[in-house]
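Here the structure comes first, spelled out in structure tokens, and everything after it is commentary.
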Amino acid sequence: MTETNQNAKLEEEPMATSEEAEAVKTAAEEESATKAEAEEQKQDAETASSKEGGDEKKETDPKTEETAAEAEPDYKAQLAELQDKYLRKLAEFDNYRKRMAREFTEARDQARRATIGDFLTVYDYFSMGMSAIETAADIAVLKQGMEMIWAEFQRVLDGLNVKEIESVGKPFDANVHEAMSQEASETVPEGVVIRQWKAGFKIGDKLLRPAMVVVSTGKPSEPEPEPKPEPEPEPTKEPEEEEGQKIHVITDDDDQTKTAGTETDAVSES
């Protein structure tokens, strides 16, 4: 009996030990969960207190407010500054435009005075030539005066770098020539200028006026021979009645044949 009771006690002790272990484990888990919740609540409380403290600092710190105000740009001041710069630039450009217009007018007037001044010598020569026409009796003197005027005119044009365009005998060039008409020519090939009506001029490489010219169309074409008229068919001649022709007259009564002659035959028989 004693050994049997001891064995039963040994079997019950391990079972009790496992139950206690599970109870201890559960208690430990609950304790750790409780500690975690406490720590979370503590952290939340610290966070809330820090926020409240920060707000109080912001409300009570004037330096922070001044720094934030300085950080924000003043848009109205910037706009006013840009408007002032725009008005200044606009005034400067208007003054520049007026100055350039004035300088351009002065340069044009100066160039005009210089050009007209060169041609005044030609005018003087023409005046002397017109006066000489009334008193000069020698045509050679008038010719010499015209040659002097022409030479002076050429000198002025050369001084202005104005050159006359050579046209006669040159191939037609639409860049410097203006064709007024076309003519056939036995000696001038097709597309070549025969004669010039008005001279053309260039100043440097720029065209002042095209030359008005007459252009050759080449040798005149031979007229085509006129077609010969077809000969008209000869009219057919009707046979004429011969003198002394006999006419047979048949009567219904006796079928008698009568012979009649011309008046000429009757006169000859009588």
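The numbers here are math on the coordinates, done by the rules we state, and not lab data. These figures come from a predicted structure and were not determined experimentally. Neighbour counts run over all protein chains shown; Cβ positions are idealised from the backbone, glycine included.
Structure summary
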| item | result |
| --- | --- |
| Long-range amide H partners of Asp173 with built H, under 5 Å | none |
| Calculated FRET value between Glu183 and Asp205, using beta carbons and R₀ = 25 Å, to 0.05 | 0.20 |
| Entries of Lys143/Lys170; Lys143/Lys202; Lys98/Lys202; Lys170/Lys198 with Cα pairs more than 24 Å apart | Lys143/Lys170; Lys143/Lys202; Lys98/Lys202 |
| Amide H contacts under 5 Å for Phe201, placed H, 5+ residues apart | Ile165, Leu208, Arg209 |
